[in-house]
Amino acid sequence: MNETIDLLQRHRSIRKYQPTPLTDEQKRAIIQSAQMASSSSNIQAYSVIGVTDPELKKQLAHLTGDQSYVAECGLFLVWCADLYRLQQACAKHGVEMQHQYVESFLVSTVDVALAAQNAAVAAEALGLGIVYIGGIRQNPAAVSELLKLPQLVYPVFGMCVGVPDQEPSHRPRLSTAAVYHENAYQPSQIAEGIEDYDQTMRDYYRERSGGKIDTTWSKQISEKYAHPARAHMRAFLDDQGFGFE
């Protein structure tokens, strides 16, 4: 094991933070690390909004489903897929950007995810903690209005960053055999991988809850996907100018 691999494998989501703001040096290191992530054709189709204002963080905490740690962390980052900047670059040369295709949407969403993960690793290397906030998509229109996002920009997820005030246990992951396929996808690996992970997670939840929670991963997945999730996102993306063809 080397230092980087050890850091990656020690990742834990932090949901309790000390009331300590990040220094300018820390913020700069995190964002500049994010900027060095791979980007499709160097288009860098993302932007990030750093939120430090306490009142603004409180509003975002409410919009993300009343997640208190959004307000409590030292820095809240809102990671956005951004085609607006590309549109402006095209306009500089008198070109009307053809942005209405799914590929442009996918590229911008992948770009921002890669950049955010670089930022997460950089933050943890500085001794800070992070947790991703998918709840930013609960009320994307309100978030966009609050942060003054222009057309062709949408908030993909948030990220709390700060000094940890807890030491949660590591949450087990699926076995490598359940996610890694050599040369071709192997459906035969899936059922066994789910079965093994169900037992692992049942033991994990029982231990963490003192026996109060008795469930499995596949049960949670079945409950989650039994109903539509954030069905409002398509209409919101249309309103933001991402209308697909």
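Please go through the stretch 1-36 and pick out each residue that is β-branched (V, I, T) and either in contact (Cβ under 8 Å) with a residue 40 or more places away in the chain or outside any loop (DSSP other than H, G, I, E, B) (or both).
Passing the criteria: T4, I5, I14, T20, I30, I31.
So which of Q100, Q44 ends up being in contact with an Asp or Glu (Cβ under 6 Å, 6 or more places away or on another chain), surrounded by 12 or more Cβ atoms within 10 Å (Cβ to Cβ) and either acidic (D, E) or assigned to a loop (DSSP other than H, G, I, E, B) (or both)?
Q100
Within the stretch 58-82, track down each residue that is touching a strand residue (DSSP E or B) at 6+ places or on another chain (Cβ under 7 Å) and part of a loop (DSSP other than H, G, I, E, B).
Within the stretch 58-82, T64, Q67, C73, G74 meet the criteria.
If E245 passes every condition in (1) closer than 30 Å to Q151 by Cβ; (2) surrounded by 13 or more Cβ atoms within 10 Å (Cβ to Cβ) but one, which one does it miss?
(2)
Report, by residue number, each residue of the stretch 207-223 that is assigned to a helix (DSSP H, G or I) and modelled with pLDDT under 95.
Within the stretch 207-223, E207, R208, S209 meet the criteria.
Okay, residues lined up against (1) closer than 16 Å to R137 by Cα; (2) open to solvent by 40 Å² or more (accessible area, probe 1.4 Å):
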| site | (1), (2) |
| --- | --- |
| T64 | yes, no |
| S68 | no, yes |
| A71 | no, no |
| C80 | yes, no |
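Working carefully through the options E182, E167, E145, find the one that is more than 27 Å from R15 (Cα to Cα), open to solvent by 50 Å² or more (accessible area, probe 1.4 Å) and either out of contact with any strand residue (DSSP E or B) (no Cβ under 8 Å at 6 or more places or on another chain) or free of Cβ contacts under 8 Å to residues at least 24 places away in the same chain (or both).
Within the list E182, E167, E145, the selection yields E182.
Across the stretch 9-34, which residue is surrounded by the fewest Cβ atoms within 10 Å (Cβ to Cβ) among those that are of a type outside the set (S, T, Y) and within 16 Å of the chain's Cα centre (by Cα)?
Restricting to residues being of a type outside the set (S, T, Y) and within 16 Å of the chain's Cα centre (by Cα), the top hit is H11.
The values are calculated or read from the model by the stated rules, or taken from the named source; none is laboratory data. Bear in mind the structure is a predicted one, so any value in this text is a computation, not a measurement. Every residue, glycine as well, gets a Cβ built from its backbone with ideal geometry; the counts of neighbours run over all protein chains shown. Accessible surface areas use protein heavy atoms only, side chains included; no ligands, DNA or RNA. Shrake-Rupley method; radii C 1.70, N 1.55, O 1.52, S 1.80 Å.
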